[in-house]
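Enquirer: The structure that follows is given in the form of structure tokens.
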Amino acid sequence: RTKSTLVTVGRVLIADRSDPGRLLTATSMPGAEENPSLSPDGNVVTFSAAGSSTDASHDIWIKAVEGDALRNLTNTPEVMEKYPRFSPDSQYIAFTRFVKGRPSVFKVSALGGAEEMIAADSAEADWLPDGRSLVLVTHTAEGRVGLVQHVLETGSRRQLTEAPRTFGDSHPRV
């Protein structure tokens, strides 16, 4: 991989480490742009953005790193979406939707279209390399915040971590 993501206030920058190296401004929308995720080939970026209004909710956006076309994948003004992550084959984007403060993990085609809810009361998903499972932040049976592996085909879960009381695991990266 020759590209990596940098985030500055109000825009997403891509560091292209090819020879000679260069810094690309991938986005420059008004307002906050957060949580960028590069496609595995480094050519497309997905991120959450709220726009310039202080009461706007974040949506999930996608665009080519070196293009101008920008597409809103979720367009849901009444809820907030954050933490998009590309699947290993670049076909899907997993993201967290917050409805009345409660998180759920969804996936949507990188081309847009119908969304599929993967897990309620979970957040901040990241894909395992085979694309068949996600690592999610969720509450354990004991009420603590921890990480689980969630198998997409069956919905089965395997607890990966259990943080000590008053602590929680977050932002998994595989």
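The values are calculated or read from the model by the stated rules, or taken from the named source; none is laboratory data. For clarity, every value in this text was computed on a predicted model and none was experimentally measured. FYI the Cβ positions are ideal-geometry reconstructions off the backbone, even for glycines, and counts take in every protein chain you see. Just the protein is used for accessible areas: all its heavy atoms, side chains included, with ligands, DNA and RNA removed. Shrake-Rupley method; radii C 1.70, N 1.55, O 1.52, S 1.80 Å.
Enquirer: Quick check on residue 3: is it at pLDDT below 70 and either crowded, with 16+ Cβ neighbours inside 10 Å or of a type in the set (D, E, K, R) (or both)? Break it down into steps so the answer makes sense when it comes.
Expert: Details: at pLDDT below 70: yes; either crowded, with 16+ Cβ neighbours inside 10 Å or of a type in the set (D, E, K, R) (or both): yes.
Yes: the conditions hold for residue 3.
Enquirer: Please determine whether any residue of segment 34-44 is within 15 Å of residue 112 (Cβ to Cβ), within 10 Å of the chain's Cα centre (by Cα) and not in a loop (DSSP other than H, G, I, E, B).
Expert: Checking segment 34-44: not a single residue is within 15 Å of residue 112 (Cβ to Cβ), within 10 Å of the chain's Cα centre (by Cα) and not in a loop (DSSP other than H, G, I, E, B).
Enquirer: Run down 144, 158, 165 and say which single residue is farther than 18 Å from residue 106 by Cβ and modelled with pLDDT of 85 or more.
Expert: Numbers: 144 fails: modelled with pLDDT of 85 or more; 165 fails: modelled with pLDDT of 85 or more.
After ruling out the rest, the residue left standing is 158.
Enquirer: Right, here's the next one. Please list, ordered by residue number, the strands (runs of 3 or more DSSP E) wholly in segment 78-174 having 2 or more residues that are closer than 25 Å to residue 44 by Cβ and not small (Gly, Ala, Ser). Outline the logic, then answer.
Expert: On the way: elements: 80-86, 92-99, 102-109, 115-120, 122-127, 133-139, 145-151, 157-159.
Those strands (runs of 3 or more DSSP E) span 80-86, 92-99, 102-109, 115-120, 122-127, 133-139.
Enquirer: Go through 157, 144 for me and flag whichever is among the basic types (Lys, Arg) and farther than 21 Å from residue 98 by Cα.
Expert: Values: 144 fails: farther than 21 Å from residue 98 by Cα.
After applying the criteria, what remains is 157.
Enquirer: Does residue 14 satisfy the criteria of being modelled with pLDDT under 80 and in contact with a Ser or Thr (Cβ under 8 Å, 6 or more places away or on another chain)?
Expert: yes
Enquirer: Do we find that residue 51 is closer than 20 Å to residue 95 by Cα, at pLDDT below 90, part of a loop (DSSP other than H, G, I, E, B) and touching a Lys or Arg at 6+ places or on another chain (Cβ under 7 Å) in this structure? Spell out the reasoning first.
Expert: Details: closer than 20 Å to residue 95 by Cα: yes; at pLDDT below 90: yes; part of a loop (DSSP other than H, G, I, E, B): yes; touching a Lys or Arg at 6+ places or on another chain (Cβ under 7 Å): no.
Against the criterion (closer than 20 Å to residue 95 by Cα, at pLDDT below 90, part of a loop (DSSP other than H, G, I, E, B) and touching a Lys or Arg at 6+ places or on another chain (Cβ under 7 Å)), residue 51 does not qualify.
Enquirer: I'd like to verify a number: residues in segment 26-65 that are open to solvent by 30 Å² or more (accessible area, probe 1.4 Å) and within 11 Å of residue 82 (Cβ to Cβ), how many?
Expert: Here the count works out to 4.
Enquirer: I'd like to verify a number: residues in segment 89-123 that are open to solvent by 60 Å² or more (accessible area, probe 1.4 Å) and of a type in the set (A, V, I, L, M), how many? Steps first, please.
Expert: Going through segment 89-123, the residues open to solvent by 60 Å² or more (accessible area, probe 1.4 Å) turn out to be 89, 91-92, 99-102, 111, 114-117, 121.
Restricting the remaining residues to those that are of a type in the set (A, V, I, L, M) gives 99, 111, 114, 117.
Of the residues in that region, 4 qualify.
Enquirer: Still on this structure, I have one more. Which one of the conditions (1) touching a residue at least 40 places away in the same chain (Cβ under 8 Å); (2) surrounded by fewer than 17 Cβ atoms within 10 Å (Cβ to Cβ) does residue 156 fail to meet, given that it meets all the rest?
Expert: (1)
Enquirer: Starting from residues that are open to solvent by 70 Å² or more (accessible area, probe 1.4 Å) and more than 17 Å from the chain's Cα centre (by Cα), keep the ones in segment 66-77 and report whichever is nearest to residue 89 (Cα to Cα).
Expert: Per the criteria, the residue is 66.
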